[in-house]
Amino acid sequence: MPEESIKHIDFNELAKTAISQPLVSNIYTADPSAHVFNGKIYIYPSHDIDAGIPFNDNGDHFGMEDYHVISMESVTSEAVDNGLALHVDDVPWAERQMWAPDAAHKNGKYYLYFPAKRANGIFQIGVAISDSPIGPFLPEPEAINRSYSIDPAVFEDEDGKYYMYFGGIWGGQLQKYRNNKYAEENEEPSADEAALGPIVALLTDDMKEFAEEPKEIKILDENGEEILAGDNERRFFEASWVHKYNGKYYFSYSTGDTHFICYATGDNPYGPFTYQGIILKPVIGWTSHHSICEVEGKWYLFYHDSSLSKGVTHLRSIKVTEITYNEDGTIIPIDPYRE
């Protein structure tokens, strides 16, 4: 939500009309990646802090340093902060900005995937491993080979394969890459060109590397044409997530500067995905980032806003609300604040 809109908000009234309240208030949390492991909900968010860095379009003011895992016995139970799970100082290759993470479980091991900047200012994605879903996590000594940009999201398909989706423009640096190669002169496509798509790669059996060259995903409009870079209300910006519902793959994402969580559907984990609509309307704060998780037969959207910090865009709080589908599989859009 644009900052000029926030100036006129009564946050006490907003708390009354919001469809959900922050899950934790002892720390600021954002970008919640939610999973059910062994019958319990585990949320892997960013841990927001005030790093004292001036605001800019690259997001340098998002100066997060570590991760905490939040757990819940059920969607309505108390959310528990399980303390420090991983700190940037423990990651040999990383220097700063521990942005939105995700996690996966395989054969009794838990894998925390996270982006961070190297000393040269370039984002890569790393993995840390634990015997427990709450950590602590032990990082691999190097970043994942061929990884870049931000916002890793790992999807376990029904055949036991795991795919990582990643990428984000602007501060996420995706616009600097073409065919997985970085060049400083690269920028976003012009408004009448196809938008940059998110990236996907199959993970190796040990969950530590890519099993293939990363591939760009195409997001198409209702006519089967690629969504254009100038279509800011529908084009991909960041925050990839994939879930499967009634045999269809749902790819959801943030539109960034227009503040929507949107989704597209397809028949293949590699896409292409056809745009279907909005899941979440704009929240308080500039960013919007989410995950979608099935819990006891119902589907839930985990998201964040900046209402607890009264609109400070880099001090956010995670929330959850139920998702409902129409009979044709489309998702009923969610307004985070009741009229």
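The values are calculated or read from the model by the stated rules, or taken from the named source; none is laboratory data. Fair warning: this is a prediction, and the values are worked out from it, not measured in the lab. Note: ideal-geometry Cβ built from the backbone for every residue, glycine included; neighbour counts use all protein chains shown. We work out accessible area using only protein heavy atoms, side chains counted, and drop any ligands, DNA or RNA first. Shrake-Rupley method; radii C 1.70, N 1.55, O 1.52, S 1.80 Å.
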Positive-end residue, the chain charge dipole about Cα centroid, Cβ charges, pick of 88, 190, 283: 88
Counting only C-alpha contacts under 8 Å and six or more residues apart, can you give the relative contact order of the stretch 9-159 as a whole percent? 17 percent
For the modelled label position 7 Å from the Cα of residue 158 along Cα-to-Cβ, which residues of the stretch 207-251 have backbone nitrogen atoms closer than 17 Å? 242-251
Other residues with Cβ under 11 Å from the Cβ of residue 127 give, with Lys and Arg +1 and Asp and Glu -1, a net charge of -3
Can you grab the distance from the C-alpha centre of the stretch 273-301 to the C-alpha centre of the stretch 25-99, Å, no decimals? 18 Å
Nitroxide proxy distance, nm - points 7 Å out along Cα→Cβ at residue 245 and residue 205: 3.5 nm
Using the charge dipole of the stretch 182-323 (Lys, Arg: +1 at Cβ; Asp, Glu: -1 at Cβ; taken about the Cα centre), state which of 312, 261, 240 has its Cα farthest towards the positive end. 312
For the chain, with a Gaussian network of springs between Cα atoms less than 10 Å apart, report the residue from 318, 41, 125 with the top mean-square fluctuation. 41
Using alpha-carbon pairs under 8 Å, 6+ residues apart, how would you state the relative contact order of the stretch 181-326 in percent? 15 percent
Of the peptides 226-232, 320-326, 258-264, how do they stack up when ordered by the mean number of other Cβ atoms within 10 Å, highest first? 258-264, 226-232, 320-326
Let me know the charge dipole size of the stretch 47-96 about its Cα centre in debye, to the nearest 20, where only the beta-carbon of Lys, Arg (+1) and Asp, Glu (-1) is charged. 80 debye
Take each of the peptides 28-39, 292-303, average the number of other beta-carbon atoms within 10 Å over its residues, and list them starting from the highest. 28-39, 292-303
Evaluate the distance, in nm, between pseudo-label points positioned 7 Å from the Cα of residue 327 and of residue 258 along their respective Cα→Cβ axes. 3.0 nm
Pair residue 335, residue 61: separation of 7 Å Cα→Cβ label points (nm): 2.9 nm
Keeping the other protein chains in place, figure out the carbon and sulfur percent of the accessible area of the chain, with a 1.4 Å probe. 47 percent
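Can you give me the relative contact order of the chain as a percent, contacts being Cα pairs under 8 Å and 6 or more apart?
Over the chain, the number comes to 17 percent.
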Could you compute the net charge surrounding residue 31? Neighbours are other residues with a C-beta less than 11 Å from the C-beta of residue 31; K and R count +1, D and E count -1. -3
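What is the gain in length, in nm to one decimal, between residue 50 and residue 25 on full extension, counting 0.36 nm per residue of separation less the C-alpha to C-alpha distance?
On the way: separation 25, 0.36 × 25 = 9.00 nm, distance 1.51 nm.
Fully extending the segment from residue 50 to residue 25 adds 7.5 nm.
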For the stretch 50-110, what does the accessible surface come to per residue with a 1.4 Å probe? Please give it in Å². 46 Å²
Contour minus Cα-Cα distance for residue 184 and residue 146 (0.36 nm per residue): 12.0 nm
Normalised per residue, the volume inside the convex hull of the alpha-carbon atoms of the chain in Å³ amounts to 134 Å³
Using the Cβ atoms and a cut-off under 13 Å, what net charge is assigned to the surroundings of residue 277, where Lys and Arg are +1 and Asp and Glu are -1? -2
Enumerate by residue number the GluC sites (Glu not before Pro) in the stretch 59-127 meeting two conditions: DSSP loop (anything except H, G, I, E, B), and at most 13 other Cβ atoms within 10 Å of the site's Cβ. 73, 78, 95
To the nearest 0.05, how large is the calculated FRET efficiency for residue 90 and residue 16 if R₀ is 35 Å and r is the Cβ-Cβ distance? 0.25
To the nearest 20 debye, what charge dipole does the stretch 175-263 have about its Cα centre, counting +1 at the Cβ of each Lys and Arg and -1 at the Cβ of each Asp and Glu? 400 debye
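Using +1 on the beta carbon of Lys and Arg, -1 on that of Asp and Glu, and nothing else charged, what's the dipole of the stretch 134-178 about the Cα centre, debye to 20?
Values: 4 positive and 7 negative charges, 81 e Å.
With only Lys, Arg, Asp and Glu charged at Cβ, the dipole is about 400 debye.
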